[in-house]
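**Student:** Pasting a structure here, questions to come.
The values are calculated or read from the model by the stated rules, or taken from the named source; none is laboratory data. From a predicted model like this one, the values you see are computed outputs, not experimental measurements. Ideal geometry is used to build each Cβ from the backbone, glycine not excepted, and the neighbour counts take in all protein chains shown.
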Amino acid sequence: MAEVTLKNIKKVYPIGDTEKKQRKALKKSKEENPESNKANLQITDEGVVAVQEFSLDIKDKEFVVLVGPSGCGKSTTLRMVAGLEEITSGELYIDGNLVNSVEPKDRDIAMVFQTYALYPHMTVRDNMAYSLKIKKLPKEEIEAKVNEAAEILDITQYLDRKPKALSGGQRQRVAIGRAIVRDPKVLLMDEPLSNLDAKLRNQMRSEIIKLRQRINTTFIYVTHDQTEAMTLGDRIVVMKDGFIQQIGTPQEVYDHPSNLFVSGFIGTPQMNYFDAKLEVENGKYVVNTDGYKVVLSEEKQVRLKEKDVKPQDVTLGVRPDHIVLSENGLKGKVDVSELMGPSCHLHMTVDGKDVIAIVPTEGKKVDYVNKEVDFGFNGNVCHIFSKEDEKNLEY
Amino acid sequence: MEKMKKLSKTKSISYAKWGYIFIIPFFVVYLIFTLYPQLLTIYNSFFEYYRDGLNVIGPNFVGLRNYKELFTINNAGYVPIVKYSLNTLILWIIGAVPQFLIAMLLALFFTSTRLNIKGQQFFKTVIYMPNLIMASAFSMLFFALFSQVGPINQLLQSWGAVNEPINFLGMTISVRGLIGLMNFLMWFGNTTILLMAGIQGIDESMFESARLDGSNSTQVFFNITMPLLMPIFIYVFITSMIGGIQMFDVPQVLTNGKGTPNLTSTTLIMYLNNFLGVSKNFGMAGAVSVLLFIITAVLSAFVFKTITRK
């Protein structure tokens, strides 16, 4: 149970001579071909910048999820909180104490690793009891704590087995058990579910939600899976290229993405994008997509007016579930139709771009494939992004 | 149907015979130069078969007499196999203990992500170098360095540390020490590389997890590194021990084959070698060989069992 504060944290990995040469080559190839931005990490004279300008206040008992694509610096941030990576600059506070140079063993933090990191030569019981033995707690207390954690996680019957005799899901439970048995101030989880199959992942996800209700501690959870981020976190931190893109509750991030990246990263299927014009007609903001005009909702009108947004070319984003088939609107040719049970995902081509629409089936079987359909959307579901800096013009 | 028959015929071609053809040269060499001499050695160990002056005695079947003789007190008042086994063991321990300690320390330093030592490749090459030098050449070098007129004595005298040259090659402690030192220098690099490979094979997250669990470096070493490194460590330990049993060239060259002083540096193989000198005592040499073979086989079986243990 603790507050965690990260102030302007930066992590730079120094580079050697070989890497310097590679960096020069990379720079050169980038200059020659700016499109091929292969590495999403920034390489400077100091080295490879993994995380920068990372500031975040995590409240006591809060569940914060760091989410982003591979190489965005989320795991590095978590490892810096754990003390497994040195912080290049910035300040890290746990419960108000500056811990930048405090050893991991003295931070009272537990971590669940992606690979579980169970000690293969110890039984499940010994794995769970290890940290308590190091703390030199009395035997009876250790026994009681291990049994309690095992009961919470339903692994009591496996206590005398070695990790190799357990399935992936069971190992995951043991890894979590080993972390919670200590009553840590902060519980860190580094992609704990990514090694499990889809079914087990769903099951474990709901178990983590239940676990969170049972143990009162601060959670920092790293994942690249936006579903995990949306379902688990009180707040989610979306990262890209070492920078925080947006911090907010899952609903805020989903409804009001701060930029094009966040809008595309959060939500499945991905948001659809159209080249559009933001115009003002009769004092109201209107988006014009290839002649299809939609008046924006009152809320959006107010926000755009407050920011005094000028008419301009924009990228219009609409989520697939907000697209409705209508008689007038944009035209698209359906290439693929995926039946999902209650709804149908239509993959359409509109002006050479892919657009996905989620259409409720309502029990009817309709064949859309190779047909041309008209579709539209309402003014309250339009997300308008600047063409220049890809930021949401409303915020 | 015709086609099917043809297909099945094609499938029945066996490539196995090519495999056998390729391994024939190895087996021929093995049979002639390894298996046959081994069997002959075992056979000879049950015979009285040696040269006395110009006469060849035997071969006469004597059963286990040669083996009994090894374990019987001789004219000089000691049991030969026990004395030379102890010599070998002591010489091995003098070299092996520092070898394991230093190699383990170096392996830990080199693999530590926290220390992140620069120029590792250079150090690894340097510490491995002595292993590439021929043992007898290394031994000759030490013989020259530590002889009574050698540079070490000259240095000590010029510094005034000693008045008379020290007879390094005439004292049990210094001869054994020098043999141990040479074995240590020749093998610690090899052991370091093996232990490093072992440590690098352990998932880094084990160490990180242990550190987060509150362990200090010593606790990480004894609770995590050592148990997980055990199969490699046992392999290194036993192979070193087998190497120790076969110790020959270093003491042979340093003491000019005499195991001086007073046979205190005579190893088992030197003892075996003595039977093959003028006397050509194939019976006794066979018995010593068979005994060594049994000891080595037992140790190897132990390593195999440890490493393949699930």
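**Student:** So which residues in the range A:128-141 are outside any loop (DSSP other than H, G, I, E, B) and within 26 Å of A:Ile94 (Cα to Cα), if there are any at all? Even if it seems obvious, please write down each step before you answer.
**Tutor:** Taking the range A:128-141 as the starting set, the residues that turn out to be outside any loop (DSSP other than H, G, I, E, B) are A:128-134, A:139-141.
Listed by number, the residues that qualify are A:Met128, A:Ala129, A:Tyr130, A:Ser131, A:Leu132, A:Lys133, A:Ile134.
**Student:** Still on this structure, I have one more. With respect to A:Asp160, is the statement that it is in a loop (DSSP other than H, G, I, E, B) and over 20 Å from A:Val64 (Cα atoms) true? It would help to see each step written out before you state the result.
**Tutor:** Working: in a loop (DSSP other than H, G, I, E, B): yes; over 20 Å from A:Val64 (Cα atoms): yes.
For A:Asp160, the condition - in a loop (DSSP other than H, G, I, E, B) and over 20 Å from A:Val64 (Cα atoms) - is met.
**Student:** OK, next. If you take the residues of the range B:176-217 that are farther than 16 Å from B:Phe109 by Cα, part of a loop (DSSP other than H, G, I, E, B) and of a type in the set (Gly, Ala, Ser), which of them is nearest to the chain's Cα centre (by Cα)?
**Tutor:** B:Ser215
**Student:** Output the qualifying pairs, or none if there are none: Cβ atoms under 6 angstrom, residues six or more apart or on different chains, first residue in the range A:292-304 and touching a residue at least 24 places away in the same chain (Cβ under 8 Å), second residue in a helix (DSSP H, G or I) and not small (Gly, Ala, Ser).
**Tutor:** Sorted first by the residue in the range A:292-304, then by its partner, the pairs are A:Ser297/A:Asn380.
**Student:** Let me ask you something else. Are there any pairs with C-beta distances below 9 angstrom linking a residue in the range A:369-395 that is in contact (Cβ under 8 Å) with a residue 60 or more places away in the chain to a residue that is part of a loop (DSSP other than H, G, I, E, B) and of a type in the set (Ser, Thr, Tyr), with the two at least 6 apart or on different chains, and if so which?
**Tutor:** Partner pairs satisfying both residue conditions: A:Asn378/A:Ser297; A:Gly379/A:Ser297; A:Asn380/A:Ser297; A:Val381/A:Ser297; A:Cys382/A:Ser297; A:Lys391/A:Ser258; A:Asn392/A:Ser258; A:Tyr395/A:Ser258.
**Student:** Separate question: Being touching a strand residue (DSSP E or B) at 6+ places or on another chain (Cβ under 6 Å), crowded, with 20+ Cβ neighbours inside 10 Å and aromatic (Phe, Trp, Tyr), is that true of even one residue in the range B:270-284? Reasoning before the result, please.
**Tutor:** Taking the range B:270-284 as the starting set, the residues that turn out to be touching a strand residue (DSSP E or B) at 6+ places or on another chain (Cβ under 6 Å) are B:279-283.
From the residues that got through so far, the ones that are crowded, with 20+ Cβ neighbours inside 10 Å too are B:281-283.
After this cut, where a residue has to be aromatic (Phe, Trp, Tyr) as well, the list is B:282.
The answer is yes, given that some residue of the range B:270-284 is touching a strand residue (DSSP E or B) at 6+ places or on another chain (Cβ under 6 Å), crowded, with 20+ Cβ neighbours inside 10 Å and aromatic (Phe, Trp, Tyr).
**Student:** Which residues, taken from the range B:218-260, are farther than 23 Å from B:Phe293 by Cα, more than 14 Å from every other protein chain (Cβ to nearest Cβ) and either assigned to a helix (DSSP H, G or I) or polar (S, T, N, Q) (or both)?
**Tutor:** The answer is B:Val253, B:Leu254, B:Thr255, B:Asn256, B:Thr260.
**Student:** A follow-up question, please. Go through (1) within 13 Å of chain B (Cβ to nearest Cβ); (2) part of a helix (DSSP H, G or I) for A:Leu118 and report which single condition fails.
**Tutor:** (2)
**Student:** Among B:Thr10, B:Thr113, which is over 30 Å from B:Leu195 (Cβ atoms), modelled with pLDDT under 85 and loosely packed, with under 10 Cβ neighbours inside 10 Å?
**Tutor:** Every option except B:Thr10 fails the conditions.
**Student:** Within the range A:246-271, can you find the residues that are part of a strand (DSSP E or B) and farther than 12 Å from A:Phe385 by Cα? Step through it out loud before you land on a result.
**Tutor:** Here is the first cut: in the range A:246-271, the residues part of a strand (DSSP E or B) are A:246-248, A:259.
Within the range A:246-271, A:Gln246, A:Ile247, A:Gly248 qualify.
**Student:** Search the range B:193-217 for residues that are more than 7 Å from every other protein chain (Cβ to nearest Cβ) and pair each with any residue that is buried (at least 18 other Cβ atoms within 10 Å of the Cβ) and assigned to a loop (DSSP other than H, G, I, E, B) when their beta-carbon atoms are under 8 Å apart and the residues are at least 6 apart or on different chains.
**Tutor:** Note: pairs meeting the criteria are B:Ala210/A:Tyr119.
**Student:** Within the range B:164-192, can you find the residues that are free of Cβ contacts under 8 Å to residues at least 40 places away in the same chain and either among the polar types (S, T, N, Q) or touching a His at 6+ places or on another chain (Cβ under 8 Å) (or both)?
**Tutor:** Kept after step one, since they are free of Cβ contacts under 8 Å to residues at least 40 places away in the same chain, are these residues of the range B:164-192: B:164-168, B:173-174.
If the condition is that a residue be free of Cβ contacts under 8 Å to residues at least 40 places away in the same chain and either among the polar types (S, T, N, Q) or touching a His at 6+ places or on another chain (Cβ under 8 Å) (or both), then B:Asn167, B:Ser174 are the ones that fit.
**Student:** Also: Is the range A:206-229 home to any residue that is within 14 Å of the chain's Cα centre (by Cα), assigned to a helix (DSSP H, G or I) and of a type in the set (Val, Ile, Thr)?
**Tutor:** Let us first name the residues in the range A:206-229 that are within 14 Å of the chain's Cα centre (by Cα), namely A:220-229.
Filter once more, keeping what is assigned to a helix (DSSP H, G or I): A:226-229.
With the extra rule that they be of a type in the set (Val, Ile, Thr), the set shrinks to A:227.
Yes; the residues of the range A:206-229 include at least one that is within 14 Å of the chain's Cα centre (by Cα), assigned to a helix (DSSP H, G or I) and of a type in the set (Val, Ile, Thr).
**Student:** Only one of A:Gln213, A:Gln203 is in the same structural domain as A:Gly96 (by TED's automatic domain parsing), of a type outside the set (D, E, K, R), without any contact (Cβ under 8 Å) to a residue 60 or more places away in the chain and in contact with a helix residue (DSSP H, G or I) (Cβ under 9 Å, 6 or more places away or on another chain); which? It would help to see each step written out before you state the result.
**Tutor:** Working: A:Gln213 fails: in contact with a helix residue (DSSP H, G or I) (Cβ under 9 Å, 6 or more places away or on another chain).
Exactly one residue qualifies, and that residue is A:Gln203.
**Student:** A:Asp321: farther than 23 Å from A:Gln251 by Cα and modelled with pLDDT of 85 or more, yes or no? Step through it out loud before you land on a result.
**Tutor:** Working: farther than 23 Å from A:Gln251 by Cα: no; modelled with pLDDT of 85 or more: yes.
The answer is no for A:Asp321.
**Student:** Among the numbered criteria (1) at pLDDT 85 or above; (2) buried (at least 16 other Cβ atoms within 10 Å of the Cβ), which one does B:Ile294 miss?
**Tutor:** Answer for B:Ile294: the failing condition is (2).
**Student:** In the range A:94-109, which residue that is under 21 Å from B:Phe222 (Cα atoms) and in contact with a Lys or Arg (Cβ under 9 Å, 6 or more places away or on another chain) is farthest from the other protein chains (Cβ to nearest Cβ)? Give the derivation first.
**Tutor:** Filtering the range A:94-109 down to residues under 21 Å from B:Phe222 (Cα atoms) leaves A:103-106.
Checking which are in contact with a Lys or Arg (Cβ under 9 Å, 6 or more places away or on another chain) leaves us with A:103-105.
Values: A:Glu103: 7, A:Pro104: 5, A:Lys105: 5 Å.
Out of the qualifying residues, it is A:Glu103.
**Student:** Sort out for me the helices (runs of 4 or more DSSP H) sitting completely within the range B:46-139 that have 1 or more residues that are over 28 Å from B:Gly257 (Cα atoms), touching a residue at least 60 places away in the same chain (Cβ under 8 Å) and in contact with a Leu (Cβ under 8 Å, 6 or more places away or on another chain). Walk me through how you get there before you give the answer.
**Tutor:** Working: elements: B:65-70, B:80-111, B:120-128.
Result: B:80-111, B:120-128.
**Student:** Check whether at least one residue in the range A:311-318 is modelled with pLDDT of 90 or more, out of contact with any Cys (no Cβ under 7 Å at 6 or more places or on another chain), farther than 20 Å from A:Pro257 by Cα and not aliphatic (A, V, I, L, M), and report yes or no.
**Tutor:** Of all residues in the range A:311-318, those modelled with pLDDT of 90 or more come to A:311-318.
Filter once more, so that each one left must be out of contact with any Cys (no Cβ under 7 Å at 6 or more places or on another chain): A:311-315, A:317.
Filter once more, so that each one left must be farther than 20 Å from A:Pro257 by Cα: A:311.
This time we only want the ones that are not aliphatic (A, V, I, L, M), so: A:311.
Taking every residue of the range A:311-318 in turn, at least one turns out to be modelled with pLDDT of 90 or more, out of contact with any Cys (no Cβ under 7 Å at 6 or more places or on another chain), farther than 20 Å from A:Pro257 by Cα and not aliphatic (A, V, I, L, M).
**Student:** Go through the residues of the range B:150-160 one by one and say whether even a single one is within 14 Å of another protein chain (Cβ to nearest Cβ) and modelled with pLDDT under 90. Spell out how you get there, then give the answer.
**Tutor:** The first filter runs over the range B:150-160 and keeps only residues within 14 Å of another protein chain (Cβ to nearest Cβ), leaving none.
Within the range B:150-160, not a single residue is within 14 Å of another protein chain (Cβ to nearest Cβ) and modelled with pLDDT under 90.
**Student:** What do you reckon, is A:Thr289 under 15 Å from the mean Cα position of the chain (by Cα) and among the hydroxyl-bearing types (Ser, Thr, Tyr)?
**Tutor:** On the way: under 15 Å from the mean Cα position of the chain (by Cα): no; among the hydroxyl-bearing types (Ser, Thr, Tyr): yes.
Taking the combined requirement at face value, the residue does not satisfy it.
**Student:** Just to be sure before I move on: is A:Asp351 closer than 24 Å to A:Gly267 by Cα, at pLDDT below 85 and of a type in the set (D, E, K, R) in the structure I sent? Please lay out each step first, then the result.
**Tutor:** On the way: closer than 24 Å to A:Gly267 by Cα: yes; at pLDDT below 85: yes; of a type in the set (D, E, K, R): yes.
Yes: the conditions hold for A:Asp351.
**Student:** Do we find a residue being over 20 Å from A:Ile134 (Cβ atoms), within 14 Å of another protein chain (Cβ to nearest Cβ) and either charged (D, E, K, R) or in contact (Cβ under 8 Å) with a residue 12 or more places away in the chain (or both) anywhere in the range A:154-161? It would help to see each step written out before you state the result.
**Tutor:** Quick first cut of the range A:154-161, residues over 20 Å from A:Ile134 (Cβ atoms) only: A:154-158, A:160-161.
Checking which are within 14 Å of another protein chain (Cβ to nearest Cβ) leaves us with A:161.
Keeping just the survivors that are either charged (D, E, K, R) or in contact (Cβ under 8 Å) with a residue 12 or more places away in the chain (or both) gives A:161.
The answer is yes; a qualifying residue exists.
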